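Below is one structure, written out as structure tokens, with a few remarks after it.
The values are calculated or read from the model by the stated rules, or taken from the named source; none is laboratory data. Please read these numbers as outputs of a predicted model, since none were measured by experiment. Methodologically, a virtual Cβ is constructed for each residue, glycine included, from the backbone with ideal geometry; neighbour enumeration extends over all protein chains shown. We work out accessible area using only protein heavy atoms, side chains counted, and drop any ligands, DNA or RNA first. Shrake-Rupley method; radii C 1.70, N 1.55, O 1.52, S 1.80 Å.
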Amino acid sequence: MLLCSLALTLILLVVSGIECDVKEVCGGSPGIPGSPGSHGLPGRDGRDGIKGDPGPPGPMGPPGGMPGLPGRDGLTGVPGAPGERGDKGERGEKGPPGLPAYLDEELQATLHDLRHQILQSVGVLSLQGSILKVGEKVFSTNGQSANFDAIRESCHKLGGSIAAPRSLEENEAIASIVRKHNTYAYLGLTEGLTPGVFNYLDGAPVNYSSWYPGEPRGRGEEKCVEMYKDGRWNDKNCLQYRLTVCEF
């Protein structure tokens, strides 16, 4: 028990010997410096400064290289207005005389071939009933119907005229075409200034007729002539649609 008291007293003395007054600063040796801390985040960019004056121009650079390839041609422009017609040139010298037609073998061969082709065509069309030859005339139809003026124009474009019979034989040939197509056809006749008097389209008086009994009786109101299927004629206005029959 005594030993314990002595020990406690000794400890208190040691502790009291090292205590410092509150007002005193305890001095000691510096410690080892710590490791530096990590860098912080970069700050924001500052504002742009005032624009400075332009500097002097720099020296001229060296010349460029080789020129590039030419571009493609542009589109063709609109053609200009035609120029004035020039003066007529002088007539050339007269050429040497040619051979008479009967001595030109090449020409005769060509004519022979043409005759053969024409005869073949006429034969085929005759068998089809669309063409009939009477004397020097050829009557033909395209099977289409039109009014008188349209038929006259169609025949004229082909080098012919509306069929106009000038004989019994020609009248029967046209009638056979009309019967084949089971219709009526206009003829190449028109009424003149005198009612009831008809002429051919060239103005010549009619030298053959095949009027239906009692015709013509249009009294100037029916200027054209149509053919019935039996070959008889009737005066009619020119606006009806009738079979196209031309003569050549």
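E153 falls short on exactly one of the conditions (1) in contact with a Pro (Cβ under 8 Å, 6 or more places away or on another chain); (2) open to solvent by 10 Å² or more (accessible area, probe 1.4 Å), and that condition is (1).
Here T9, T76 are screened, and the one residue that is at pLDDT below 70 and among the polar types (S, T, N, Q) is T9. Pull up segment 155-166, narrow it to residues that are out of contact with any Gly (no Cβ under 9 Å at 6 or more places or on another chain) and either under 17 Å from L189 (Cβ atoms) or outside any loop (DSSP other than H, G, I, E, B) (or both), then point me to the one that is modelled with the highest pLDDT. Ranking the qualifying residues of segment 155-166, first place goes to R166.
Give the residue that is surrounded by the fewest Cβ atoms within 10 Å (Cβ to Cβ), with candidates limited to residues of segment 167-183 that are out of contact with any Ser or Thr (no Cβ under 8 Å at 6 or more places or on another chain) and assigned to a loop (DSSP other than H, G, I, E, B). So the residue we want is N182. Just to check your reading of the model, which residue among Y186, Y228, Y200 is surrounded by fewer than 18 Cβ atoms within 10 Å (Cβ to Cβ) and under 16 Å from E247 (Cβ atoms)? Of Y186, Y228, Y200, the one residue that is surrounded by fewer than 18 Cβ atoms within 10 Å (Cβ to Cβ) and under 16 Å from E247 (Cβ atoms) is Y200. Of everything in segment 99-117 that's modelled with pLDDT of 80 or more and either of a type in the set (G, A, S) or open to solvent by 100 Å² or more (accessible area, probe 1.4 Å) (or both), which residue is nearest to N182 (Cα to Cα)? The residue in question is R115.
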